[in-house]
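Note sheet for the following structure.
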Amino acid sequence: MRYLFLLLLVAFAPLLGHAQSDFLLGTYELVDGTTGKGLLSYETGFKAKLLVKDSKADPASKAGKKGLEFPAAKVRSFTIAGDHFVMLRSIRLDSGMPFSSMARKNDFGKLIAEGKLELIEFRLAEMVATNHMRGSNGNVDPQRQSVQSAAYLLRRQGEDEAVSIPVIGKKYREVLTSYLAGRPDLIKKVGPKPTSQEDLIELIKAFNSGSTEQ
């Protein structure tokens with residue numbers, strides 16, 4: 001069975017982040033209500049930001065090369081390549097391991113399920129691992145492979161803080177069931193450890209639908 005999370009056991013690799021290198025068509029909304037569209041790219045981490053270029057600007061011009069840059073704190077949300085991202089003002093991370101709890105502020109997460117309870121995918125880090133493989137010619141060739149670490153966050157609609165669902169130890173069930181309060185039918189479905197991403201999404205969607213199973 002596929003585990004729900006891929007987490008690197010490095011206390012969430014707090015100093016690392018992710019940058020989307022390609023600019024793709026998208027739309028955005030700022031905290032002050034300003035909306036716009038253009039070629040978007042983004043970066044996560046301690047200096048998370050949204051980059052916006054005018055899709056009609058001359059690529060050789062300043063607007064076409066650099067465009068606008070908005071720090072995460074000024075961005076409410078944006079949609080790019082079919083994915084919708086929201087700004088997370090306060091993030092509490094905890095893998096369930098001892099001393100792994102940490103806090104982050106003003107970063108982006110991909111909205112997976114929305115409603116009175118939001119499920120958000122939060123990318124923690126992107127690293128490159130190098131494996132040395134011996135080729136047919138007898139030489140040892142390095143092979144580089146991208147390794148990503150992500151967590152799922154829960155956030156009640158209207159609240160600032162998003163909390164990660166731990167993947168190790170007793171905290172997994174404790175945290176998840178606390179957000180499902182009032183739905184004993186759903187709490188029964190939560191086991192002692194993560195199952196699959198699909199099961200979690202269905203659980204949150206069922207909670208947001210408000211229909212109790214008999």
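The values are calculated or read from the model by the stated rules, or taken from the named source; none is laboratory data. Computed from a predicted structure; not experimentally measured. No Cβ is skipped: glycine too gets one built from the backbone with ideal geometry, and neighbour counts run over all protein chains shown.
What the table shows:
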read-out	value
First in the stretch 75-92 and under 19 Å from LYS105 (Cα atoms) and touching a residue at least 40 places away in the same chain (Cβ under 8 Å), second anywhere and buried (at least 17 other Cβ atoms within 10 Å of the Cβ) and charged (D, E, K, R), Cβ under 7 Å, 6 or more apart	LEU88/ASP107; ILE91/ARG104; ILE91/ASP107
Residues satisfying the stated conditions in the stretch 106-125, i.e. among the small types (Gly, Ala, Ser) and surrounded by 17 or more Cβ atoms within 10 Å (Cβ to Cβ)	GLY109, ALA113, ALA125
Flag if LEU93 is surrounded by 19 or more Cβ atoms within 10 Å (Cβ to Cβ) and under 23 Å from SER149 (Cβ atoms)	yes
Subset of the stretch 9-34 that is within 20 Å of GLY109 (Cβ to Cβ) and in a strand (DSSP E or B) - its residue that is modelled with the lowest pLDDT	ALA19
Members of the stretch 171-214 that are basic (Lys, Arg), under 21 Å from the mean Cα position of the chain (by Cα) and either part of a loop (DSSP other than H, G, I, E, B) or within 20 Å of GLU114 (Cα to Cα) (or both)	LYS193, LYS205
